[in-house]
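Asks: So that we are looking at the same thing, I have put the structure below in structure tokens.
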Amino acid sequence: MPVHSQPNRVTPSLAFSAIALLSLSYVGTSAQVSQTAEAETAIALPSGSTMNVPAGWSYTMRPDGLTLEGPEGALVIDLVEIEESADPEAAISEAWSRRRPSFDRVMEASGNMPGQDGWDAFSWMTYETSPAENRVIEATVLLKDSLSLVVLRDAPLADTERRGSEVGAALGSLRPSGHTEESYADRSPRVIDADLLEETRAFIELVQEAADVPGLAVTLFDKDSVLLAEGFGVLERGRPERVTPQSLFLIASNTKALTTLLTAKLVDEGEFDWDTPVTDIYPNFRLGDAQTTAQVLVRHLVCACTGLPRQDFEWLFNFESSSPQDVLESLASMQPTTEFGALFQYSNPLAAAAGYIMAHVVAPDVELGEAYDKLMEELIFDPLGMDSTTLSFDYAVASEHATPHGYDLSMQNVPIRSTVNRSIIPVRPAGGVWSNVEDYAKYVQMELREGLLADGAPYIGKEALLERRSPQVKMGDDLWYGMGLMIANDVKGLRLISHGGFMPGYTSNFFFVPELGLGGVILTNSESGGPIANAIRRRLLELLFDDDSPEAEELFLAGTETTKDYLNTIRRHWQIPPAPELVERLATRYRNDALGEMTVRTEDDQLMFKFNGWESRMGSKPNPDGTVSFIHPDPGTGFFEWVVSESGEAIDQITLRDPQHTYIFDAANDWE
């Protein structure tokens with residue numbers, strides 16, 4: 001998806017920032033006084049470890065830790081401090097026994113990660129759940145000397161996703177007693193010379209091999225010149241063609257920065273301002289109900305701050321028959337689950353609406369998709385010299401482009417079909433641009449020059465451009481979302497602006513550090529390439545500031561192995577193809593009003609599910625509650641889990657869920 005995480009997939013923490021998704025759905029047993037934080041509040045645990053409590057959350061101090069409870073009461077985080085326990089597994093067991101003596105969940109997977117932010121190391125453990133529970137159960141241990149700080153979660157997935165940014169801010173702020181943050185702010189960076197670039201190049205090759213990424217392209221630059229622009233590996237595994245700086249990749253959600261730039265251009269030209277009600281410029285706009293619609297300002301389309309949750313399945317399943325107009329109209333059935341400005345929730349349809357509404361403002365009589373494509377060419381691609389960048393999927397795949405890859409069942413990256421990626425076409429302002437590192441660098445260099453082109457000519461007014469960097473909603477500890485941009489206010493004393501993107505078989509990222517006048521673009525042709533961008537950024541800063549810490553390499557290598565181990569573990573019960581007696585119970589067609597029709601067939605003894613525009617081979621897996629799920633075993637399609645009951649002769653219904661929505665598909669005899 002053109003997003004940072006994949007729908008309906010929960011993976012273990014791969015670095016300390018990911019611990020931010022922890023939560024717990026029970027209240028601790030000790031009768032203690034609970035307080036509510038009126039504003040974000042810094043507190044200390046019994047050991048002296050510190051953290052920040054989000055505004056509106058309740059917190060209860062305990063002799064051995066702390067309990068946090070979200071505003072609705074369903075989301076609770078329990079922190080348990082255990083002294084003199086060097087064994088993470090024993091510490092986790094002890095923590096559960098203190099807070100929930102009857103806890104008896106079966107462990108699903110476990111792993112270890114190197115420490116950061118003052119902690120010596122991290123360990124984690126996940127537990128088996130059934131899809132109908134829609135829960136996440138996990139324990140994480142933060143180790144420091146003789147202290148084991150255990151964070152337990154057993155939480156509704158909907159609450160975890162909805163308030164994930166607040167949980168991220170709280171747990172991302174955890175620091176051991178006496179920790180002093182490392183800062184590069186008072187150091188002078190090295191000159192970026194041939195030696196530094198060669199060290200960077202060697203690190204890129206290391207992470208490429210470790211993540212088994214067939215190909216990637218990287219560029220590093222300052223505001224006036226390109227310092228490094230290279231391709232690594234091949235466009236497609238099994239073929240000799242090499243990646244070059246001109247190779248096209250689907251950049252997914254990094255399209256959003258360009259769509260918000262288009263919006264800023266129109267603000268700069270006086271068409272409207274950031275706080276203009278959307279219905280003033282597009283009267284037919286609807287979101288949820290009339291009251292919600294009336295609140296939506298231009299900035300809300302691209303700020304991820306309206307409280308509108310992920311609702312990607314509609315466009316993923318209906319793309320072949322969907323249009324930009326359909327995308328806009330679909331918003332009328334979507335309702336925010338939190339107040340405007342309260343919480344970060346990421347909506348691709350709303351970001352797509354931004355691009356189409358901008359196009360309507362300029363060309364009200366032209367079809368929305370055509371108008372958007374033309375406007376992007378005229379106001380973004382052409383002026384910035386992004387000559388190879390395109391919104392045409394067909395043009396891109398007929399050009400020199402990187403083939404998408406994903407892990408197969410043997411954990412090897414293999415080429416995958418781009419069929420599902422065509423789902424982005426109707427929502428392309430949110431993620432449909434194809435570009436290369438050479439072109440995209442020109443855009444980011446303009447950001448570094450604060451609105452000036454390479455020849456010094458003005459491209460956009462500074463005020464309209466920089467408003468996109470204004471924090472709109474908090475994502476985590478010192479991490480904010482602006483408008484199509486993520487703002488990290490304190491990366492070892494530096495301000496880092498970035499964004500990432502994912503579509504099946506592709507990952508992308510760009511970043512720039514205004515204080516250093518330095519930026520980069522990283523594009524890969526593999527789903528396993530996601531952590532590469534963060535590793536390269538981290539290593540580049542280590543080299544720039546003569547930081548001899550091995551943190552970038554250690555975290556990346558450990559995270560890569562952890563991911564592989566986790567995927568292997570959760571796949572251990574998969575059956576491909578499913579048992580014949582299960583397949584025989586299926587109807588030939590199913591339908592859901594929102595997601596459309598699914599047809600079922602067998603081919604060469606394989607079970608196939610076909611949707612509106614794509615199809616997939618299917619496997620099955622048993623669930624702890626006795627139900628069975630159909631799963632997608634092939635790379636590029638593994639985002640969905642179809643749950644059926646073991647009771648009854650025929651499978652009359654199949655249930656599909658994302659964290660905040662449930663879709664029931666009825667068999668043909670129920671809807672014909």
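We did not get these values from a lab; they are worked out from the coordinates using the rules stated. Just so it is clear, the structure is predicted and the values come from calculations on it, not from any experiment. So basically every Cβ, Gly included, is an ideal-geometry build from the backbone, and we count neighbours across all protein chains shown.
Asks: Sort 186, 652 by Cβ crowding within 10 Å, fewest neighbours at the top.
Replies: Values: 186 6, 652 17.
Ranked by crowding around the Cβ, least crowded first: 186, 652.
Asks: Evaluate Rg over Rh across region 522-651, taking Cα atoms for both radii and Kirkwood's formula for Rh. Could the numbers behind the result be given before it?
Replies: On the way: Rg = 20.6 Å, Rh = 17.8 Å.
In region 522-651, Rg relative to Rh is 1.15.
Asks: Report, in debye and to the nearest 20, how large the dipole of region 133-255 comes out about its Cα centre when Lys and Arg carry +1 and Asp and Glu carry -1 on their Cβ. Before the final figure, lay out each step's value.
Replies: Working: 13 positive and 22 negative charges, 64 e Å.
Dipole size: approximately 300 debye.
Asks: What are the residues whose amide H is under 5 Å from the amide H of residue 120, where those residues sit 5 or more places off or on another chain and H is modelled from the backbone?
Replies: Answer set, sorted by chain and number: 143, 144, 145.
Asks: Now a separate question. What FRET efficiency, computed as 1/(1 + (r/R0)^6) with R0 = 25 Å and r the Cβ-Cβ distance, is obtained for residue 453 and residue 197, rounded to the nearest 0.05? Show your work: numbers first, answer last.
Replies: Details: r = 26 Å, r/R0 = 1.03.
Efficiency, rounded to the nearest 0.05: 0.45.
Asks: So how do 96, 274 line up by other beta-carbon neighbours within 10 Å, fewest first? Write out the running numbers ahead of the final one.
Replies: Details: 96 22, 274 18.
The order, fewest Cβ neighbours first, is 274, 96.
Asks: Hey, can you grab everything whose amide H is under 5 Å from the amide H of residue 452? Only 5+ residues off in sequence or another chain; H modelled, so Pro and N-termini drop out.
Replies: Distant-sequence amide H within range of residue 452: 459.
Asks: Pull up all non-local amide H partners of residue 135: gap of 5 or more, or a different chain, and H-to-H distance under 5 Å with H placed in the peptide plane.
Replies: For residue 135, the qualifying residues are 157.
Asks: At 7 Å along the Cα-to-beta-carbon direction for both residue 650 and residue 332, put a label point, then send me their distance in nm to one decimal.
Replies: In this crude label model, residue 650 to residue 332 measures out at 3.5 nm.
Asks: For residue 492, list the aspartates and glutamates whose Cα falls under 12 Å from its own Cα; do not include residues on the same chain fewer than 8 positions away.
Replies: 117, 181, 182, 186, 478, 542, 547
Asks: Is it possible to state the helix-based mean residue ellipticity at 222 nm for the chain, with each DSSP H run of 4+ residues giving -39500 (n - 2.57), the sum divided by total residues, to the nearest 500 deg cm²/dmol? What is it? Please report the intermediate quantities before stating the final value.
Replies: Details: 17 runs with 167 residues, N = 672.
Helix-only estimate at 222 nm: -7000 deg cm²/dmol.
Asks: In the structure shown, do any of 564/621; 474/564; 256/610; 223/564; 374/610; 144/256 have a Cα-Cα gap over 28 Å, and if so which?
Replies: Flagged as over cut-off: 474/564; 256/610; 223/564; 374/610; 144/256.
Asks: Give me the percent of Cα-Cα pairs in region 16-172 that sit more than 22 Å apart, rounded to a whole number.
Replies: Value for region 16-172: 35 percent of Cα pairs lie more than 22 Å apart.
Asks: Residue-wise, which Karplus ³J(HN,Hα) couplings in Hz belong to region 169-177, taking 6.51 cos²θ - 1.76 cosθ + 1.60, θ = phi - 60°, and x for glycine or proline?
Replies: Taking θ as phi minus 60°, the curve returns 5, 5, 6, x, 8, 4, 9, x, 4 Hz for region 169-177.
Asks: While we're on this one: Express in whole angstrom the spacing between the alpha-carbon centres of region 568-638 and region 475-518.
Replies: Spelled out, the Cα-based centre of one part sits 37 Å from the other.
Asks: So what are the three principal axis dimensions of region 273-414 from its Cα atoms, in whole Å, longest to shortest?
Replies: Answer, in whole Å and largest first: 49, 40, 28 Å.
Asks: Same structure again: Select from 656, 627, 639 the residue farthest towards the positive end of the dipole of region 555-672; place +1 on Cβ of Lys and Arg, -1 on Cβ of Asp and Glu, and compute about the Cα centre.
Replies: Farthest along the dipole direction, towards plus: 639.
Asks: Separate question: Assign one of three labels to region 467-570, namely rounded, prolate or oblate, based on the Cα gyration tensor with a ≥ b ≥ c the square roots of its eigenvalues; rounded applies when a/c is under 1.5, prolate when it is not and a/b is larger than b/c, and oblate otherwise. List each step's numbers first, then the result.
Replies: Working: a/c = 1.84, a/b = 1.30, b/c = 1.42.
Oblate shape, in that a/c is at least 1.5 and b/c is the bigger or equal ratio.
Asks: So how do 508, 528 line up by other beta-carbon neighbours within 10 Å, fewest first? Before the final figure, lay out the partial values.
Replies: Details: 508 31, 528 23.
Ordered by Cβ neighbours within 10 Å, fewest first: 528, 508.
Asks: Could you give the dipole magnitude of the chain about its Cα centre, charging the beta-carbon of Lys and Arg +1 and that of Asp and Glu -1, in debye to the nearest 20? If you can, show how the numbers build up before the last one.
Replies: Values: 50 positive and 102 negative charges, 81 e Å.
In debye, rounded to 20, the chain gives about 400.
Asks: Charges on Cβ only, +1 for Lys and Arg, -1 for Asp and Glu, centred on the Cα centroid of the chain; of 139, 483, 512, which one is farthest towards the dipole's positive end?
Replies: Farthest along the dipole direction, towards plus: 139.
Asks: Cα gyration tensor of region 580-670, axes a ≥ b ≥ c as square roots of the eigenvalues: rounded (a/c below 1.5), prolate (a/b > b/c) or oblate? Provide the component values of the computation, followed by the final result.
Replies: Details: a/c = 1.08, a/b = 1.01, b/c = 1.07.
Rounded is the answer for region 580-670, as its axis ratio a/c remains below 1.5.
Asks: Whole number please: convex hull volume per residue, Cα atoms of the chain, in Å³.
Replies: So the per-residue hull volume is 156 Å³.
Asks: Provide the FRET efficiency to the nearest 0.05 for the residue 608-residue 279 pair, computing r from the beta carbons and using R0 = 45 Å. If you can, show how the numbers build up before the last one.
Replies: On the way: r = 44 Å, r/R0 = 0.98.
The pair residue 608/residue 279 has a calculated efficiency of 0.50.
Asks: Let me ask you something else. Can you work out the FRET efficiency for the pair residue 568 and residue 105, with r the C-beta to C-beta distance and R0 = 22 Å, to the nearest 0.05?
Replies: Working: r = 20 Å, r/R0 = 0.92.
Calculated transfer efficiency: 0.60.
Asks: Residue-wise, which Karplus ³J(HN,Hα) couplings in Hz belong to region 345-353, taking 6.51 cos²θ - 1.76 cosθ + 1.60, θ = phi - 60°, and x for glycine or proline?
Replies: Result, rounded to whole Hz: 9, 9, 10, 5, x, 5, 5, 5, 4.
Asks: Here is a further query. Across region 373-389, in residue order, what do the Karplus-derived ³J(HN,Hα) couplings come to in whole Hz, using 6.51 cos²θ - 1.76 cosθ + 1.60 with θ = phi - 60° and x for Gly and Pro?
Replies: 4, 5, 5, 4, 4, 6, 9, 10, 4, 5, x, 8, x, 8, 5, 9, 6
Asks: Here's a follow-up. Count neighbours as other Cβ atoms within 10 Å of each site's Cβ, and list the GluC sites (Glu not before Pro) in region 180-287 that are DSSP loop with at most 12 such neighbours. Walk me through the intermediate numbers first.
Replies: Working: sites: 181, 182, 198, 199, 205, 209, 230, 236, 241, 269, 271; in loops: 181, 182, 236, 241, 269, 271.
Those satisfying the criteria are 181.
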